[in-house]
Structure formats: C-alpha cells, structure tokens
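**Q** Pasting in a structure now, in structure tokens, and then I'll have a few things to ask.
The values are calculated or read from the model by the stated rules, or taken from the named source; none is laboratory data. Just so you know, these numbers come straight off a predicted model, no measurement behind them. FYI the Cβ positions are ideal-geometry reconstructions off the backbone, even for glycines, and counts take in every protein chain you see. For the accessible areas, the whole protein counts, side chains as well, though only heavy atoms, and no ligand, DNA or RNA atoms are used. Shrake-Rupley method; radii C 1.70, N 1.55, O 1.52, S 1.80 Å.
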Amino acid sequence: MSAFLKVLEMNVRVFFQYRASFGISLVIFPIVLIVNVMLFESLYAYSGNDEIRGYSLTQMIWYFAAVPFVYVFIYNFAASRLSGRILAGELTMDFLRPLHIYYYEFAHAAASRIIGVSVEFLPTLFIYSLIYYPDFLTFASFFKFLIVAIFAFILMFQLNFIVGLTAFVLKENSAVSDIMNITLGLLGGAAVPLDFMPEAVQRVVQFLPFQYIFYEPLQYFLNQPDKAGVTPLLYTLLVQLIWIAALYVINRLIWAYFSKQFCAAGG
Amino acid sequence: MRGLMALPGLLRLFLWNCKLDISRNMAYRFNFIAGTLISLLNSGVAPIVQYLIFTTTNGYPGWTVQQLILFQGVLLLWGGVRTMVFGRVLPEMNSLVGSGEFDRLLVKPYPPMGVLLASGFQLSGFAPTIAGVVIIAMSLSSLDVVWHWWTLPLFLVLLLVGCCLYAALLILMCCIILVAIQMGRLGELFEKLLSFSDYPISIYPRILGRLFSIALPFAIWINFPAQTLLNRLDVTMIWGAIVSIVLLFVSHGLWKLCLSKYTSAGG
C-alpha cells in the first residue's frame, strides 16, 4: 500500500508541473457551453416543446456540457501506455518492479485524475454555473454524482487495462481502443443521451457496463426524478461494483495467462 | 529551404510518409482491417447522433431528410479527407515536444511546420472518404437538383479551402503545444470545438450562423460544400473562403513568433 501511495504521490507531483495544460479547459469548455446553449435554445424553440425525451432545455444543455466533466473523472492512458510498453519491449522492466504494473498504472491514472478534477472540473463547473445556472442541481445530486463518477473511473480503468492487455496478442491495439471509444460514445451515452436511442438498443445497453461510465453519473448530476432518494444510488453503485469485480477478475486472468508467454528482446 | 521553394520537397515528403504509414499499417494486419472498419464506424457516430436528434425533434429548419443524408455524406467525406491529410499532426507534435525530440525538426532543411504537416497522413481516413463519396452519389441521384458545369469544381475548391482553414487551426494548436509543452487532452478539446461544424448552420441562431460562416468559417468544411451540391449558393461563401486563407497566414505568423521564443530544454 505504501508503494502504491508513493507512486500516486510521485505522479501527482509530475502532473502538477503541467497544471497549466489542464487549465486550457477553463478557456475552451465555456465556449463549448455557450455554443451548446445557443444550439439547444434554437432546437427547442423550433420543436415547440418544453421537454424532449424527458429533458428540459436546461438539463439538455447541461447533459452535453457535463459529458466533459465525466471525461475529467474517468480519462486514463492505461491502454496506450501498456500497449506502448509491450511494443517497445519495456514490459520486462515492469516485471522487476516491487509494485505490480496493474497497481502502478492505477496509481498513475488516479494521480492524473486528482489533478484533473481539482484543476479542470471544479473551476469549470463554477464558471459554467455563472454562464448558465443549473437550477436542477442540489447538494445531494452533486454528491451522488461525485460518488458514481469515482466508481465510473475505476470501472473505466478496468476496461482500459483489458484493452491494453490485448496488445499481448495484437501488439498494436489502437483499433481495439477505438472500438471502446465508439461504444462508450453510442452505448455509454457520451455522444447522445441513451433516451434518444431506439428501445431495443436501450434494452441491450442495460446488460453492458458502458452506461455506468457516462449515462448514469450524468443522470445523478441532472437530478432526474428516477434518481431521487438513496435506493437508486445504492443500486447503481452495486451494479458498478459488480462490473468492477468481474472485470478485475478478467484482468488478472488475462494477465496471468499472457504474462507467462510474454517474450521481449533477449527472451 | 523556405517558402514556395520548399513545397515540391514537402510534397515528396508527404508522399513518402503516406507510403510509410501504409507499410506500418500492413505490418499489423488485424489492426489494419479492424482499424479500417472502426474508422468507418467512428466517422458514422456524428451522423447517427444527428439523425437521432433530427428524428426526435421537429428536424432542422430548411432541411429535409434526403438533404440531411447528403449533408452526412459530405460530413463523412470531409472527416475522411482531413484524417488522411492531417490526422497525425497533433499527436506527432505532442509526442515530439513532450519527449524533447522537437529540436531535431529545427535542423532539417525544410521549415518545421512544413515537416509536421507533411507527416499528417493517416490511412484510417480512407474508409470514411469512400463512404462519404458513395453516400453523396446515392443521395444526389435521389434528389432533384440542377447541376451546373461549375458545381463539382466549386465543391472541390471549397474542400481545398477547408484544408487551408483546418491547417490554420492545427498550426494554432501546435503553437499552444510549443508554449505549454504537455497538452494531453488538446486533441479532444480541439475536436469538441470543431464539432459545431457537424450541424447545418440554419439550426444556430443568426449571430452564431454568421460567426461560423464568416469570422470563424467552420461552414467551409461541410455546410458550404453541401449547399453547393444542393445548388444553394450564398455570398457568405466567398467571405468564408477569404477569411480561411487569411487565417492560414495569421496562424503561420504566430507560429514563427512562438518558434522564435522556443528555448527547448537547454534554454
């Protein structure tokens, strides 16, 4: 545990050196929000409805505005870093480390998100609120969002690490990474709310982990009526935990199998 | 070698990089085949999102479903072209500056930005380009549009000017990377900003429509070419084209300024 914390601390220090780069979001995200406001005000006015698929105008604007927030929580480079190491033959060095590469990468990802959340998420949320006030947001819904988003990060890390492990077989795995990104966009609710999808797709999505990374955190953030109270939150967290546990087991099994067969330069 | 004198050499370099990228892709065959399919899927995300929004609202003012499909075709074609020509520029710049290898570009016989732009080819843009052409051809055959001798040349000129505008914005992004050094999510933010060009201008409020047509003419990529194919010409197209070329010169000037202040690790 102390080794994990040390790696976490080290990475926080490294990322903190590049805090200015995180700050660029503070300039770009508000522009995105303003354009979204104009876009959806125009669309709602043209459609003549106060609500579209259960979203008020404010909620719709904030849905698209808050997608980058979820990215700030979940974004990590585990897949590409692992693939890069395998391609370059550097994984051999990781076998010698006292800390397993899974935990090392988790610490790296957690460190980048700690900086991301503190430098990007919180200030951007504040600026957004000044531009377009989120009248739906309560302290409880915000708190629920934070918890679900943290679990979404862990879930996303599991998926990314599995994608990274495909490099044992494929070497270059950017296509697999792309598949996951598209899936997250369409079936996770990052590109468009799942409520816009045909019913058959919505039914299938319920049996997949992707909606628990984007769609579910956003529903809590938007304080949707079906997310009121503690029961829905406990249910969401339970499903997230089940997915995390299942994917963790898959991760370890894949690692156990392929790490024994791994052969870099030098044998 | 500077200015127009460098152009033939840079074109040769671009072709050389094309061959390299194709060979690189062929080395990992599964990734290549999967990547081609994925890039097709990936470029289909925006059209799917738009179709879902179009069908769940009252549609877009001034656009029928058939015309929107043509618009999607142009969207796919532009997405493919820009990936094929510029796809690798930002990741390459990020990697070079981040690893301290950017300095080697400074000692090459061609201008650093020229070398960077010449290294932009990405094979994954091929599939969406073909898909875009097929969709445009199919939708044009079902639409009752009068064609003139200048329709196709004007369409191609607009695509070329669109490349100039895209290059201008890429150069600006490269300036940011050169100053800030570590810009992990710049590509994502860049794409987010540009995604406003994915919608017909008519759905934006008038002021924003003007902005995207003239001041920051994102409309030059998809809107103007689609309108040209639909025989709906507008005088703002000329302004948009002029501003695009001016922006290319402005961003190039800014690049030279940033480059003159670049100190590298040695100070």
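**Q** Can you go through A:220, A:235 and tell me which one is buried (at least 17 other Cβ atoms within 10 Å of the Cβ) and modelled with pLDDT of 90 or more?
**A** Working: A:235 fails: buried (at least 17 other Cβ atoms within 10 Å of the Cβ).
The conditions single out A:220.
**Q** Here's something else I'd like to know. Regarding residue B:190, is this residue within 12 Å of chain A (Cβ to nearest Cβ), within 13 Å of the chain's Cα centre (by Cα) and more than 29 Å from residue B:65 (Cβ to Cβ)? Reasoning before the result, please.
**A** Details: within 12 Å of chain A (Cβ to nearest Cβ): yes; within 13 Å of the chain's Cα centre (by Cα): yes; more than 29 Å from residue B:65 (Cβ to Cβ): yes.
Yes.
**Q** Hey, another quick one. Restricting attention to region A:149-177, and to residues there that are away from chain B (no Cβ under 14 Å) and more than 11 Å from residue A:251 (Cα to Cα), which single residue is most open to solvent (accessible area, probe 1.4 Å)?
**A** A:150
**Q** Mind telling me which of the residues B:178, B:160 ends up being of a type outside the set (Gly, Ala, Ser) and away from chain A (no Cβ under 13 Å)? Steps first, please.
**A** Details: B:178 fails: away from chain A (no Cβ under 13 Å).
Going through B:178, B:160 in turn, just one is of a type outside the set (Gly, Ala, Ser) and away from chain A (no Cβ under 13 Å): B:160.
**Q** Just one of B:35, B:80 is more than 12 Å from chain A (Cβ to nearest Cβ) and either assigned to a helix (DSSP H, G or I) or in contact (Cβ under 8 Å) with a residue 12 or more places away in the chain (or both); which is it?
**A** On the way: B:35 fails: more than 12 Å from chain A (Cβ to nearest Cβ).
Just one listed residue meets the conditions, B:80.
**Q** Quick one: would you say residue B:9 is within 9 Å of chain A (Cβ to nearest Cβ) and open to solvent by less than 30 Å² (accessible area, probe 1.4 Å)? Reasoning before the result, please.
**A** Values: within 9 Å of chain A (Cβ to nearest Cβ): no; open to solvent by less than 30 Å² (accessible area, probe 1.4 Å): yes.
No.
**Q** How do the pairs read when you match residues in region A:185-199 that are over 12 Å from residue A:53 (Cβ atoms) and within 9 Å of chain B (Cβ to nearest Cβ) with residues anywhere that are assigned to a loop (DSSP other than H, G, I, E, B) and open to solvent by 10 Å² or more (accessible area, probe 1.4 Å), using Cβ under 7 Å and keeping only pairs 6 or more apart or on different chains?
**A** A:185/A:191
**Q** Evaluate the following for residue B:146: is it away from chain A (no Cβ under 11 Å) and either charged (D, E, K, R) or more than 29 Å from residue B:111 (Cβ to Cβ) (or both)? Give the steps one after another, and end with the answer.
**A** Numbers: away from chain A (no Cβ under 11 Å): yes; either charged (D, E, K, R) or more than 29 Å from residue B:111 (Cβ to Cβ) (or both): yes.
Yes; evaluated as a whole, the condition is true for this residue.
**Q** Looking at (1) outside any helix (DSSP H, G or I); (2) out of contact with any Leu (no Cβ under 8 Å at 6 or more places or on another chain); (3) surrounded by 15 or more Cβ atoms within 10 Å (Cβ to Cβ), which is the only condition residue A:192 fails?
**A** In the conditions (1) outside any helix (DSSP H, G or I); (2) out of contact with any Leu (no Cβ under 8 Å at 6 or more places or on another chain); (3) surrounded by 15 or more Cβ atoms within 10 Å (Cβ to Cβ), residue A:192 misses (2) alone.
**Q** Based on what the data block shows, is residue B:54 in contact (Cβ under 8 Å) with a residue 40 or more places away in the chain and either in a helix (DSSP H, G or I) or out of contact with any Phe, Trp or Tyr (no Cβ under 7 Å at 6 or more places or on another chain) (or both)? Steps first, please.
**A** Details: in contact (Cβ under 8 Å) with a residue 40 or more places away in the chain: no; either in a helix (DSSP H, G or I) or out of contact with any Phe, Trp or Tyr (no Cβ under 7 Å at 6 or more places or on another chain) (or both): yes.
Against the criterion (in contact (Cβ under 8 Å) with a residue 40 or more places away in the chain and either in a helix (DSSP H, G or I) or out of contact with any Phe, Trp or Tyr (no Cβ under 7 Å at 6 or more places or on another chain) (or both)), residue B:54 does not qualify.
**Q** Out of (1) buried (at least 17 other Cβ atoms within 10 Å of the Cβ); (2) facing chain A (nearest Cβ under 8 Å); (3) closer than 30 Å to residue A:168 by Cα, what's the single condition that is false for residue B:60?
**A** In the conditions (1) buried (at least 17 other Cβ atoms within 10 Å of the Cβ); (2) facing chain A (nearest Cβ under 8 Å); (3) closer than 30 Å to residue A:168 by Cα, residue B:60 misses (3) alone.
**Q** Follow-up. Looking at (1) free of Cβ contacts under 8 Å to residues at least 12 places away in the same chain; (2) on the phi > 0 side of the Ramachandran plot, find the lone condition where residue A:223 falls short.
**A** Single failed check for residue A:223: (1).
**Q** Looking at (1) over 22 Å from residue B:5 (Cα atoms); (2) open to solvent by 10 Å² or more (accessible area, probe 1.4 Å); (3) in a helix (DSSP H, G or I); (4) touching a residue at least 24 places away in the same chain (Cβ under 8 Å), which one does residue B:148 not meet, given that it meets all the others?
**A** With respect to (1) over 22 Å from residue B:5 (Cα atoms); (2) open to solvent by 10 Å² or more (accessible area, probe 1.4 Å); (3) in a helix (DSSP H, G or I); (4) touching a residue at least 24 places away in the same chain (Cβ under 8 Å), residue B:148 is out only on (3).
**Q** Please identify the pairs in which a residue from region A:202-213 that is open to solvent by 80 Å² or more (accessible area, probe 1.4 Å) has its Cβ atom under 9 Å from the Cβ atom of a residue that is part of a helix (DSSP H, G or I), counting only partners at least 6 apart or on another chain.
**A** Between residues of region A:202-213 that are open to solvent by 80 Å² or more (accessible area, probe 1.4 Å) and residues that are part of a helix (DSSP H, G or I), the close pairs are A:204/A:187.
**Q** Step by step: first the residues of region A:86-116, then only those that are open to solvent by 30 Å² or more (accessible area, probe 1.4 Å) and of a type in the set (A, V, I, L, M), then the one that is nearest to the chain's Cα centre (by Cα). Which residue is that?
**A** A:114
**Q** State all residues of region B:17-54 that are buried (at least 18 other Cβ atoms within 10 Å of the Cβ) and charged (D, E, K, R); if no residue qualifies, say none.
**A** B:21 - this is the single residue of region B:17-54 that is buried (at least 18 other Cβ atoms within 10 Å of the Cβ) and charged (D, E, K, R).
**Q** Of all residues in region B:1-32, how many are modelled with pLDDT under 80 and either among the hydrophobic types (A, V, I, L, M, F, W, C) or on the phi > 0 side of the Ramachandran plot (or both)?
**A** Of the residues in that region, 9 qualify.
**Q** Among (1) at pLDDT 85 or above; (2) surrounded by fewer than 21 Cβ atoms within 10 Å (Cβ to Cβ); (3) not in a helix (DSSP H, G or I), where does residue B:120 come up short?
**A** (2)
**Q** Of all residues in region A:47-85, which are open to solvent by 10 Å² or more (accessible area, probe 1.4 Å), assigned to a helix (DSSP H, G or I) and in contact with a Gly (Cβ under 8 Å, 6 or more places away or on another chain)?
**A** A:73, A:80, A:81
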